[in-house]
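The values are calculated or read from the model by the stated rules, or taken from the named source; none is laboratory data. A quick note: this is a predicted structure, and the numbers were derived from the prediction, not measured. Every residue, glycine as well, gets a Cβ built from its backbone with ideal geometry; the counts of neighbours run over all protein chains shown. Accessible surface areas use protein heavy atoms only, side chains included; no ligands, DNA or RNA. Shrake-Rupley method; radii C 1.70, N 1.55, O 1.52, S 1.80 Å.
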Amino acid sequence: MLVLAACVKSAAVPCGTEICPVGLTCAADHCVDTQVVTSCNGHAESDPCDLGEAGSGTCQSGLCIVGTCGDGIINGVEQCDGADLGSATCLDFGAPQPGGLVCGSNCTLDPSGCTAYCGNGHVDGTERCDGSDFANKSCEDYGYYGGTLSCTPTCAVNLGGCMGICGDGIIEGFEECDGTNLNGKTCQTLGYNGTVLALTCGSSCSFTSSSCTCGGVLCGSGQTCMTAGQISSCE
């Protein structure tokens, strides 16, 4: 016996991609007449059921279905049936043109004939990726030093598999520094002595040009930055 009481939602609520108005019930993410559900309450799969003027049918997955997949009429939870696609078009799948949508043998919509949609394995329109197609981009194109891109079901790029990027505080690849991580270096360890400007890291993960300068210049080997009043010079 099938018990659907816990699965059936009340009227006037979101239902998959639909909103069920008063008088309809949400079942299997589709809005159906409440009688379609109640007429099968307490009945087993394939038991006969009756929808009054709508005719007699059989209980299928807890719903009273009049007609079958292939009769050319959308029944129960069918997305489509033959040439009957309801109101669906390729536009619902992100394609730029409405034509090309067909109904599969299992009465579900088949968008494979649409010219462009998320899930066809090709980057189209505003998609950043589609399946394994990343429009010839890699983690390096997004500022990372390596790793593997992945694509979400909505055709957005997932950078979770990328590794290493300037700004993560970790010195990698060609970086001299990263944020406050100076790789243990100071102006003194680099050979600049005296009261020089501090060693700092720039946005490109290299030391800034002002680092360790004395009066605007870098002191040469063996020189020390000396300050007299407001004037600094290498001596």
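A few notes on this one:
- Flag if H43 is within 30 Å of T126 (Cα to Cα) and touching a residue at least 40 places away in the same chain (Cβ under 8 Å): no
- Hits in region 44-90 (condition: polar (S, T, N, Q) and open to solvent by less than 60 Å² (accessible area, probe 1.4 Å)): T58, N75, T89
- Considering region 91-108, and only residues there that are open to solvent by less than 40 Å² (accessible area, probe 1.4 Å) and farther than 19 Å from E18 by Cβ, the residue that is modelled with the lowest pLDDT turns out to be A95.
- Meets criteria (without any contact (Cβ under 8 Å) to a residue 60 or more places away in the chain, assigned to a loop (DSSP other than H, G, I, E, B), farther than 26 Å from L51 by Cα and of a type outside the set (G, A, S)) for C107: no
- Candidate set from region 23-43 (those that are open to solvent by 70 Å² or more (accessible area, probe 1.4 Å) and under 17 Å from Q79 (Cα atoms)); member that is farthest from the chain's Cα centre (by Cα): D33
- Failed criterion for S132 (all others in (1) closer than 21 Å to T152 by Cα; (2) surrounded by 13 or more Cβ atoms within 10 Å (Cβ to Cβ) hold): (2)
- Taken over region 205-217, the criterion of being open to solvent by less than 60 Å² (accessible area, probe 1.4 Å) and either touching a Pro at 6+ places or on another chain (Cβ under 8 Å) or outside any loop (DSSP other than H, G, I, E, B) (or both) is satisfied by F207, C214.
- Residue in region 187-204 that is at positive phi, assigned to a strand (DSSP E or B) and in contact with a helix residue (DSSP H, G or I) (Cβ under 7 Å, 6 or more places away or on another chain) present: no
- Candidate set: region 84-100, residues that are part of a loop (DSSP other than H, G, I, E, B), among the hydrophobic types (A, V, I, L, M, F, W, C) and under 27 Å from the mean Cα position of the chain (by Cα); chosen: the one farthest from G125 (Cα to Cα): A88
- Pick from region 164-197, criterion under 24 Å from the mean Cα position of the chain (by Cα) and surrounded by 14 or more Cβ atoms within 10 Å (Cβ to Cβ), ranking: nearest to E235 (Cα to Cα): C166
- Unmet requirement for D168, which otherwise passes all of (1) in contact with a strand residue (DSSP E or B) (Cβ under 7 Å, 6 or more places away or on another chain); (2) modelled with pLDDT of 95 or more; (3) within 29 Å of T213 (Cβ to Cβ); (4) not hydrophobic (A, V, I, L, M, F, W, C): (2)
- Condition check for P111 on (1) over 18 Å from H30 (Cα atoms); (2) open to solvent by 50 Å² or more (accessible area, probe 1.4 Å): one failure, at (2).
- Among the residues of region 175-206, those identified as farther than 16 Å from I165 by Cα and either touching a residue at least 60 places away in the same chain (Cβ under 8 Å) or hydrophobic (A, V, I, L, M, F, W, C) (or both) are C187, L190, V196, L197, A198, L199.
- Screening L149 with (1) more than 15 Å from the chain's Cα centre (by Cα); (2) crowded, with 20+ Cβ neighbours inside 10 Å gives one miss only, at (1).
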